[in-house]
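First up is the structure itself, then whatever we jot down about it.
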Amino acid sequence: MADHAAAERHYRTALQGRVPGTYHRVRGLTLANIAKAATAQNRHEEAVGLWRESVDLMDGVASRPNRKELDTMRSALGLYVRRGIPGARELAQRAAAITTA
């Protein structure tokens, strides 16, 4: 069984070591990992907020890891849209727009 709380702590610690305004790709990917850890702990609304921050950083940065995370995010967001999680629909549309750009 995975320890999602420990993973989240690890990613949050790593994020603190990165200066805001720099390393957009790495910060975006780290936020996406925190969102996945939050999802695994059934904190879905928080995950949507974290993914929103992640997308803000990923937008305009072309990389294979970003593309992979956006695909993972879109998959989870599809489920969240069906469940009615606030903000999921808009974020899914934005992630789709970035992916197809």
Relative contact order as a percentage, the chain, C-alpha pairs under 8 Å and 6+ apart, gives 24
Starting from the eigenvalues of the Cα gyration tensor, five times each then square-rooted, give me the equivalent ellipsoid semi-axes of the chain, largest first, whole Å. 19, 18, 10
Name the shape class, rounded, prolate or oblate, that the alpha-carbon gyration tensor gives for the stretch 30-74, where a ≥ b ≥ c are the square roots of its eigenvalues, rounded holds for a/c under 1.5, and otherwise prolate holds if a/b is larger than b/c and oblate otherwise. prolate
Test of understanding: in a Gaussian network model of the chain with alpha carbons linked when under 10 Å, which of Thr13, Thr72, Thr30 would top the mean-square fluctuation ranking? Thr13
What are the chymotrypsin sites (Phe, Trp or Tyr not before Pro) within the stretch 1-72 that DSSP puts in a loop, where the Cβ has at most 16 other Cβ atoms within 10 Å? Tyr23
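Rule-based calculations on the coordinates, nothing more; no lab input. Since this is a predicted model, take the numbers as computed values, not measurements. Positions of Cβ are backbone-derived with ideal geometry, glycine not excepted, and every protein chain shown enters the neighbour counts.
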